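The values are calculated or read from the model by the stated rules, or taken from the named source; none is laboratory data. Since the model is a prediction, treat every value here as computed from it, not as a measurement. Methodologically, a virtual Cβ is constructed for each residue, glycine included, from the backbone with ideal geometry; neighbour enumeration extends over all protein chains shown.
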């Protein structure tokens, strides 16, 4: 049995998935070395030119590594907008 509002709900759901997918493309993430060679967290994030970077945060605690990741992303976002100061 089909409902009249059903197709609209499904279309809205698909639009929402597309929105979240586009957000995910730009969100950074944290990773540990799978071989266990480094005690530090690594940040994966988008550079201003669209490429992905993988950089050590030099942090052993995940909370501090998340702060470092957000700082990396803020710097790249400023560079994308054209108002980067060149300080890290």
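Quick notes on this one:
- Residue 48 meets the conditions (1) surrounded by 12 or more Cβ atoms within 10 Å (Cβ to Cβ); (2) at pLDDT below 95; (3) not in a loop (DSSP other than H, G, I, E, B) in every case but one. The failed one is (3).
- Hits in segment 62-88 (condition: assigned to a loop (DSSP other than H, G, I, E, B) and either surrounded by 13 or more Cβ atoms within 10 Å (Cβ to Cβ) or touching a residue at least 12 places away in the same chain (Cβ under 8 Å) (or both)): 84, 88
- Options 54, 30: the member that is at pLDDT 90 or above, surrounded by 12 or more Cβ atoms within 10 Å (Cβ to Cβ) and under 22 Å from residue 80 (Cα atoms): 30
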